[in-house]
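This report refers to the structure that appears directly beneath it.
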Amino acid sequence: MEMRTHVVGDTQVDALTAAAVGLFSIVVGLAVVGYPVETGVVAAGIWLVAALLCLPRRLSIAAPLCFLLLIPADHMTGLNGSAHGLFALGATALFAFSTLLRDRLRGIRRMDWDLYLLAGMLSGATLLHARSGEVRGVLFWLAGCMALFWIRAEERNSASPARQVEEALVAAGAIGGGFAILERLGALNVHALSAIYRPETLELSYDMGERAAGLSGHPLRLGTLTMLATIVALVWLVHRRLTGRTTMLTIGALFLSLAGLVLSGARGSWLALVIAVLVIVFSLQRAGARRRLGILASIATITAPIVLLTGTWRYFYERIVGAASHPGSIDQRIQALEGISRSWPQLPLLGLGFGGAPEFSVLMGLKVLNLENEYLRLLLAAGVPALVLLAIVASRRFVAGFRQLPSPSAVSALACMAAMVVNLGTYNFFSWSIGPSLFFALCFLASPVVRRSRACPDGIID
């Protein structure tokens, strides 16, 4: 009699389970039919979180960050819906949610107060002047905060978190440079990779054709990404003890990134790379490793004949003094500096918002609405406090990086931050939906290393 009751009980449970599964299937089927796009987004989110939870500690930061850097969401029609930057916010929110499932609120650190304050100040100024437009910037900075929280949470449980951020930069830059080379050689039409991919096209010169955008969607974004990848690869070669196979891979990534940087025609990124190289040389002298300067000299010696034989030198010539130099753009930047230097006392304390900056530029008599200078944009959008806070952010990371020398990750952080200080003055970096996320990741490189949890006994220093 007891056996029958047990069987009947199991049968009842199985029937309830089957009914629940059947009802759930019907609901899902109706959702797919009625809301196919929304259902697809939810399903993709669930699979993404599952994939993040299954990643090994060695790739828990590198793989998702590389994915974020490679997807040109700003130039893919329909991917962001009606809100530009929605993809970046959604992706970083899922990254953060995956860490919440394991580590709760372990991604918040007091030393990041200036980064959160910068995001809050710029978001507040944007919302305060919401009528002027460009409210999308709030999504960008929220995405940056999510990305910072996620990296901080993964820092305690991941293997070599700073190294993983560097690996993501090098991989994304090398892949972007590789696609730029294939496009330039005519072996691949990057525009035709996806029907929804719509990259910006900028002409280098009449004879040399268009500037490369690779997978970044815009030549200046490709230039920034490949510039950072080149810097990190150089630091690896001169500061880290690499195995033979890793050395060859790093050299390959270096030349792919460098080629993408050249083909992008991004002069600001070229200048930023020069500044970064000077920082690397200084760090070698500070670390007592002057003999390793020979590695940089060897790279330069190998690169010079390649530049001459392949005709790459023409890109530098055309962009600096040739037909593609566009001296008018330099004059416009000078006019903007002169105009704002005269008119900035008239700005409100919290600025005019990013949408109000073009209108103020017109009142100053400027002929160009796109200032291509992030410092001027921040000044107009959020006032002097935003510039002061940005200077505090950069200064604190420089100090933290110097204190950690001769750590290779500290050298990468110092060189990349120095390059970004220059690059921010040459184009609107924070108009890129993942710009704040990338900036916060670079700030993370300069942060002091925290102790790992018992789940990851890799040591204290990368």
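With respect to the conditions (1) among the small types (Gly, Ala, Ser); (2) in contact with a helix residue (DSSP H, G or I) (Cβ under 6 Å, 6 or more places away or on another chain); (3) within 30 Å of Leu376 (Cα to Cα); (4) not in a loop (DSSP other than H, G, I, E, B), Gly124 falls short on a single one, namely (2). What do you reckon, is Ser60 among the polar types (S, T, N, Q), out of contact with any Gly (no Cβ under 9 Å at 6 or more places or on another chain), surrounded by 16 or more Cβ atoms within 10 Å (Cβ to Cβ) and modelled with pLDDT of 85 or more? The answer is yes for Ser60.
Only one entry of Leu220, Leu193 meets the criterion of being under 19 Å from Leu70 (Cα atoms) and in contact (Cβ under 8 Å) with a residue 60 or more places away in the chain, and that entry is Leu220.
How many residues are part of a helix (DSSP H, G or I) and under 18 Å from Ile181 (Cα atoms) when one looks only at the stretch 229-266?
Within the stretch 229-266, the first condition is being part of a helix (DSSP H, G or I), and the residues that meet it are 229-239, 244-264.
Pick out the ones that are also under 18 Å from Ile181 (Cα atoms) and you get 229-230, 249-264.
Within the stretch 229-266, residues that are part of a helix (DSSP H, G or I) and under 18 Å from Ile181 (Cα atoms) number 18.
In this structure, is Leu115 in contact with a helix residue (DSSP H, G or I) (Cβ under 9 Å, 6 or more places away or on another chain), part of a helix (DSSP H, G or I), within 26 Å of Leu59 (Cα to Cα) and modelled with pLDDT of 85 or more? So Leu115 fits the description; yes.
The values are calculated or read from the model by the stated rules, or taken from the named source; none is laboratory data. Computed from a prediction, not measured in an experiment: that's the story for all the values here. Here Cβ is always computed from backbone atoms with ideal geometry, including for glycine, and neighbour counts include all displayed protein chains.
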